[in-house]
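The values are calculated or read from the model by the stated rules, or taken from the named source; none is laboratory data. In this text the structure is predicted, and so the values were computed from the model without any measurement. With ideal geometry, Cβ positions are generated from the backbone for all residues, glycine too; neighbour counts draw on all protein chains shown.
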Amino acid sequence: MFKFIDNWHMDFVGQAWAEKLSRIIITLFGAIGLVYGYALQQFSMTVYILGAGFALASLLTIPPWPMYRKNPLNWQPVKNKDKDNSSKKAKKISDYALDEISFNISSY
Amino acid sequence: MEVVSLFDDVKRMNKRQFLYQVLSFGMIVSSALMIWKGLMVVTGSESPIVVVLSGSMEPAFHRGDLLFLTNYPEEPVRVGEIVVFKVAGRDIPIVHRVLKLHEKENGTIKFLTKGDNNSVDDRGLYAAGQLWLTKDDVVGRARGFLPYVGMVTIMMNEYPNFKIGVLACLAFYVLIHRE
Amino acid sequence: MHSFLQRGNALLAYTLSVLACLTFACFISTVFLNYRTDVDISTVRIVLKNIPDYSASREENDLGFLTFDLQTDLKHLFNWNVKQLFVYLTAEYETPNNKLNQVVLWDKIILREENAKLDFKNINTKYYFWDDGNGLKGNKNITLTLSWNIIPNAGFLPNIFAQGSHSFKFPAEYTTSRI
């Protein structure tokens, strides 16, 4: 299960965006809350508005929405040096893939 | 997966770096102690920050609220103030309000307290036969208030496993991660 | 920011630090306010008795009974950093026994601005007016003052004296009949 959460990745550009966006949302809601709470002379109002900002920011910036995955890294393709090695590697990779699949099955 | 990535940092450290981590952990602990002792000197109170543990002062203070105390000898205790006092036979100091006070010519005082949320005064809470509190019983006078912050401490005291877990996690994090 | 948990953690930490800043702003915006105001107090009926105080020493002590009028408007004391007002009426006097005696006779917790206009006629005290000895008989100068302790959302816990007090004297004879 943790693997699933850990793999909930954004790309690097997306991460920067998510952080910036979350800060903007929370700061903005905090400022609005401060003004509104002061106008009403009710500090609980300020806290509720900040809480709403937290909820909104959580919704918008914690899950890896598609907009944070627009710039995936383009990895170099695996180079084939010589046949022997490559077949070994291929075998290894396929083993890994099998492990991965079995793991996923067991975890679901 | 997680664990491997955590220990990666340790693997990349050499001995010197690891010792540095241990030292910085020690710094955190000792500076916390220094701040506490420093506050004791500045406020004159033996425990300058206390957490409210009971509901006897509701609705002013709830469980988990934080109080900042001072206890300057030249500041007299007066009626209506909120004092924190110790009673013989009770481990935990009590936070209540002064209801009645008599001061002699030579400055010695005796006073009676009551919790805002209690219907009777505190004579039943004092040690057997004790009718009044004196200056020696006072730990401090409440001067500042911060809500909810002490909730963590209450959680830690009521669930010892939680406390051990939190401390272990913190220590682990400080020791393992590089700055 | 690379995983779900780390993003949540960073978000929570930032929100909490913003909350701390907001609380501090609330505290700063109210710390210099003047919470004093006028009050009218007067006594209606005064009776003095001398009976054993079974709640304390069991010796015969002076016990005063009084009813009083109280008028004040504390509405303007409320702001966004006032959680509660603890209003209390103190009798302060001097006796041969003690240089200073303070006894709280009545108190009231006010949580909302709507309830902060006080207008009481001929009400009884909430607590017994026991002296620490026999100092009430013929005492010429008992001063009644109203004070309030402000409980904030976060900040200092000031005790404020109202402007205006009332002095009265106790009769030189005890009342023996039942009241």
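What the table below lists for this structure:
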item: Sole exception among (1) out of contact with any Leu (no Cβ under 6 Å at 6 or more places or on another chain); (2) closer than 26 Å to B:SER119 by Cα; (3) more than 11 Å from every other protein chain (Cβ to nearest Cβ); (4) assigned to a strand (DSSP E or B) for C:ILE160, by number; result: (3)
item: Some residue of the range C:33-52 being farther than 30 Å from B:TYR126 by Cα, assigned to a loop (DSSP other than H, G, I, E, B), β-branched (Val, Ile, Thr) and within 10 Å of chain A (Cβ to nearest Cβ); result: no
item: Members of the range C:128-154 that are more than 12 Å from chain B (Cβ to nearest Cβ) and either within 23 Å of C:VAL87 (Cβ to Cβ) or assigned to a strand (DSSP E or B) (or both); result: C:ILE142, C:THR143, C:LEU144
item: Single condition A:TYR38 does not satisfy, out of (1) facing chain C (nearest Cβ under 10 Å); (2) closer than 15 Å to C:ASN9 by Cα; result: (2)
item: Output for the range B:32-80, where each listed residue is buried (at least 21 other Cβ atoms within 10 Å of the Cβ), within 14 Å of chain C (Cβ to nearest Cβ) and touching a residue at least 60 places away in the same chain (Cβ under 8 Å); result: B:VAL50, B:VAL52, B:MET57, B:PHE61, B:ASP65, B:LEU67, B:LEU69
item: Test: residue in the range C:91-114 that is of a type in the set (Lys, Arg), within 17 Å of C:TRP148 (Cα to Cα), not in a loop (DSSP other than H, G, I, E, B) and not assigned by TED's automatic domain parsing to the domain that holds C:CYS26; result: yes
item: Selection from the range B:92-137 of residues that are at the interface with chain C (Cβ under 9 Å from one of its Cβ atoms) and basic (Lys, Arg); result: B:ARG97, B:LYS100, B:LYS104, B:LYS110, B:LYS114, B:ARG123
item: Scope the range B:84-139; condition β-branched (Val, Ile, Thr) and in contact (Cβ under 8 Å) with a residue 60 or more places away in the chain; matching residues; result: B:VAL138, B:VAL139
item: Answer from C:ASN9, C:ASN50 - the residue that is polar (S, T, N, Q) and under 30 Å from A:MET45 (Cβ atoms); result: C:ASN9
